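Nothing in this text is a laboratory measurement; each read-out follows from the coordinates by a stated rule. Here the structure is a predicted model, which means the values were calculated and not measured. Cβ sites come from the backbone with ideal geometry, for glycine too, and all protein chains shown count toward neighbours.
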Amino acid sequence: MSGKQAERILIVKLGALGDFIQALGPMAAIRKAHPQAHITLLTTKPFEKFAHDCGYVDEIWLDERPGLPDIGGWLRLHKKLNGGGFTRVYDLQNNDRTSLYFRLFTKSRRPEWVGVAKGCSHRNTSPERTAGHAFDGHVQTLALAGITDIKVDRLEWMDGDIGAFPLKSPFVLLVPGCAPERPEKRWSASGYAALAAMLAGEGVQPVIIGTLAEKEAAQEIAQNCPEALDLTDQTSLGQITALARSAAGAVGNDTGPMHLICATGCSGLVLFSGHSDPVRHAPKGEAVQVLRENDLADLAAEAVFEALSL
C-alpha cells in the first residue's frame, strides 16, 4: 500500500447456521471493499471451518462468549480487542452482546463501528433493519459505510465428494429435520413419506438428508418409500452443497441446511408454520419458494407436491 500501513478490519458474526450463511455475501462485499486490508473474523467454533474455507478473512478469532459473571473472560476479550489495532469493525451480529463488545474498546482506541451499537460511527437506527430479512438488514447497514454491491453468496467455494452415493437422476432432497426444541417448525415424517412416494411415482428419487436426530423420521420415510435414499448422518456441509447443485429440487423445514441448499441456486420449497415468519427467516437464493400453513399438521402432501417446482 505504498508504505501506508494496511487497514485492520474486524468482522463480528457469531451464529447461528442460517444467519451465518446470510452473512457470507456481506463478508464477501467487505473483502471487495477492503482488498488490501487485514480482515479478522470474530466468530464461534461451529463456524471456524466456514470462515477458513470461504477465503474472505485473513484471521479467525474464536469468541469465548463470556457470561456476565466471568470477569476474567471479559478482561481477556477487552485486552484482545484493544490490542487488535482495528481501524473499522463491521458488526454482522448486531445484538446486545456485540453492543457490549463495542463498549469494551477504550474510547481513545475505539475504531469506526458499522452496526447498531449506541454511539458507534455508522449506526443503523432504521426500524426497517429488523422488519425484514437479516440479509437485507446487512445490505442496509453496510450502505452507511459505502458498501453497496452485496449479493447472496452462492457458496461456490464449498464442495464435497458425492460420488459414493447411489444417486439416480433426477433426485429431490428432503430435509425433514429442524432444531429439536422447535417441533412446531417440523412437518411430519408421514407427510414427507407420502411426498416421497409421489416423487418416486414420477420417476424422481427422494434423497433424505439430516443429522442423527432425524434418523427415526428418515427410517419412516424410507419404510414407506423403498425408492428413497437415506443419507442421514452421512453428509458433510460441503456434500450438502454438492448434492444441491445436482438436485432437481429440495423440500425442507425452516432449518439451517435449507439455507445452504437454496444459496447454491437449487430450487427449494421451504415449509413454514405460523410460529416462524418467512419474511424474516426464509432462505435466500435464486429459486426459493415458501409454503406456509399455520399448523404444519394440517399441511397435505398433495399441496406440497403441487407447489414443488423442479
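Some values worked out for this structure:
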| read-out | value |
| --- | --- |
| Proximal charge balance of LEU296 [Cβ under 15 Å; K/R count +1, D/E count -1] | -3 |
| GNM flexibility winner over the chain from ARG76, ARG154, ARG123 (Cα, springs under 10 Å) | ARG76 |
| Span from the segment 75-143 Cα centroid across to the segment 177-247 one, whole angstrom | 39 Å |
| Relative contact order of the chain, pairs being alpha-carbon contacts under 8 Å that are 6 or more residues apart, as % | 15 percent |
| Percent breakdown of C-alpha pair distances by 10 Å bin, ordered from the shortest bin, for the chain | 6, 26, 30, 21, 13, 5, 0 |
| Residues of type lysines that LYS45 reaches as a straight line, Cα spacing below 30 Å, ignoring anything fewer than 8 places off in the same chain | LYS13, LYS32, LYS79, LYS80, LYS107, LYS118, LYS151, LYS185, LYS215, LYS284 |
| Cα pair distances exceeding 19 angstrom across segment 171-307, given as percent | 42 percent |
| DSSP H segments from the chain that extend 15 Å or more along their own axis, Cα-based, with Kyte-Doolittle mean of -1.0 or above | 17-33, 71-82, 189-201 |
| Radius 14 Å from Cβ of GLU156, net charge of other residues (Lys, Arg +1; Asp, Glu -1) | -1 |
| Residue of TYR56, TYR101, TYR90 that the Gaussian network model of the chain assigns the largest fluctuation, springs spanning Cα pairs under 10 Å | TYR101 |
| Residue among ILE208, ILE60, ILE21 with the largest mean-square fluctuation in a Gaussian network model of the chain, springs linking Cα atoms under 10 Å | ILE60 |
| Restricting segment 133-236 to GluC sites (Glu not before Pro) in coil, as DSSP defines it, with at most 16 other Cβ within 10 Å | GLU156, GLU181, GLU202, GLU227 |
| Per-residue Cβ neighbour rank within 10 angstrom, fewest leading, ASP53, ASP153, ASP254, ASP136 | ASP53, ASP136, ASP153, ASP254 |
| Considering only the chain, percent of DSSP beta bridges that pair antiparallel, nearest 5 | 0 percent |
| Highest to lowest packing among 242-251, 282-291, scored as the average C-beta count within 10 Å | 242-251, 282-291 |
| Computed [θ] at 222 nm, helices only, for the chain once each DSSP H run of length n ≥ 4 contributes -39500 (n - 2.57) | -10000 deg cm²/dmol |
| Local net charge near PRO170, Cβ-Cβ under 14 Å (Lys/Arg +1, Asp/Glu -1) | 0 |
| Neighbour-count ranking [beta-carbon atoms within 10 angstrom, fewest first] of HIS34, HIS78 | HIS78, HIS34 |
| Rg/Rh (Cα only; Kirkwood hydrodynamic radius) as it applies to segment 8-143 | 0.93 |
| Segment 93-212: radius of gyration over Cα atoms, expressed as a fraction of 2.2 N^0.38 Å | 1.63 |
